[in-house]
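**Student:** Can you keep this structure in mind? I'll have questions shortly.
The values are calculated or read from the model by the stated rules, or taken from the named source; none is laboratory data. Keep in mind it's a predicted model, so treat the numbers as computed, not measured. In this analysis, Cβ positions are derived from the backbone assuming ideal geometry, glycine residues included, and neighbour counts consider all displayed protein chains. Surface areas here come from the heavy atoms of the whole protein model, side chains and all, with no ligands, DNA or RNA. Shrake-Rupley method; radii C 1.70, N 1.55, O 1.52, S 1.80 Å.
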Amino acid sequence: MEWRREQRFLVILFFLPIFLSLLGVGVNVFLLNDSCYYRYIAENLSGRLVNVCCYLIMIVFAFSVINSFTVEELKKIMQVYLWSIIIVFVPFGIWQLLHLFFGIWIPPLDTRADLHSLTAYYGGIKRLTSLANEPSFLVPFLIDGIIIAAYLRKTLIVGIFIIFLLFSLSLGGYLNACIILLVGMFYLFPRMNFKKNLIIGVIISSGIFILFCDELVILFDIILSRRELSDGGIDISQSSRLQMVIMPWYFVVQKGIIPFIVGFGPGSFKYLHTTEKLANGDFFHRTSNCLYTDSFYEGGIVAILAICCFFIYMYFLLNKVRYTTNLRDVSFGKLLICQLVITSFYRADFMSPRFWIIVMLIFVFYRIAEFKFHENIANNPNL
């Protein structure tokens, strides 16, 4: 099976910092002289390396398979991911909505459906989580689904996912969706039709506001009643999630130059889990759920630079095959890159299936655009 230069570069760019951080473990073990670090090496490091190697093999295989697919087969890959999201989240999500509106019985699931940090008036409000642990797990899949369904022109599916997104009552999800919408408008609307599309958008938005005015007022009231907004700001000492995202950067810098350059080693967030505590007295979790924080702690500044180059390189790959007949394919590919960059701030792990599925789908868009680009070159040899 064919293995392309672009794919080799992407894989090396992403996995090389992991193996460099492994070399850093040999230095850190003497630098730190910490029994908890010894325990991390003995109990967690080998398992993480096995995980990395398994992912590397699967990614190499998946890239090789993609190279042999036609345009129609590539689109089927998107459909498989889209239908996976639908099958896993939509049936139970609809059931949960019926429960919220009509009180229909629903099996008790251990999900974070209760909306916390609200003022007393809105206490007890439930959020839509479907089968996810909490809305922040669900929202990235919903927005992935909206992008793929929009590309495949599945309007009904887009509508269902938007409804789910609204009832997730996720501030991060709303911000994520707004950024994707703005980026989508920039990439997908032709410049000559921008004014026309803007007018249509204003008319549609006004119609929605008129039809659902009371519901929207209640929705925004709920959002604004969250304590971190109603109290006039965010206090990091009161937010365990923010502490888990921000404080590991401080811990790395505090430990010296070697951890700053190559981190503490693959899977070393489990070392942090045993050594540092949050403001409420609990130990740090085994992941911050932020790709950039996890990567910096485990792989240092080298890993952060590699991730930035990884995203930028995928963007320029799509630009390289940009042509008038494949603008839509290139634009949706860039939209998925933007989605991956955003979700990596609040719900991502580079060793999670979703992260690499999105990377594969970006490459699927690249291959479709490349097919059309070479087709145009063949039909117009003078270009």
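**Student:** Restricting to the range 319-336, name every residue that is under 19 Å from residue 10 (Cα atoms) and modelled with pLDDT under 90.
**Tutor:** Answer for the range 319-336, where residues must be under 19 Å from residue 10 (Cα atoms) and modelled with pLDDT under 90: 319, 320, 321, 330.
**Student:** Taking the residues in the range 103-117 that are open to solvent by 30 Å² or more (accessible area, probe 1.4 Å) and within 12 Å of residue 129 (Cα to Cα) as candidates, determine which candidate is modelled with the highest pLDDT.
**Tutor:** Only one residue fits best here, namely 109.
**Student:** Oh, and also: Quick check: anything in the range 317-337 closer than 21 Å to residue 20 by Cα, open to solvent by 50 Å² or more (accessible area, probe 1.4 Å) and not in a loop (DSSP other than H, G, I, E, B)?
**Tutor:** no
**Student:** Oh, and also: The conditions are (1) farther than 19 Å from residue 47 by Cβ; (2) over 22 Å from the mean Cα position of the chain (by Cα), and residue 265 fails exactly one of them. Which is it?
**Tutor:** The one condition residue 265 does not meet is (1).
**Student:** Could I ask something else about it? Would you please name the residue that is least open to solvent (accessible area, probe 1.4 Å), looking only at residues in the range 279-313 that are in contact with a Leu (Cβ under 7 Å, 6 or more places away or on another chain) and more than 16 Å from residue 350 (Cα to Cα)?
**Tutor:** In this case the residue turns out to be 284.
**Student:** If residue 100 satisfies every condition in (1) touching a strand residue (DSSP E or B) at 6+ places or on another chain (Cβ under 9 Å); (2) loosely packed, with under 14 Cβ neighbours inside 10 Å but one, which is the exception?
**Tutor:** Failing condition for residue 100: (2).
**Student:** Looking for whichever is among the aliphatic types (A, V, I, L, M), surrounded by 14 or more Cβ atoms within 10 Å (Cβ to Cβ) and modelled with pLDDT of 75 or more here; the options are 66, 125. Which one fits?
**Tutor:** Result of the check over 66, 125: 66.
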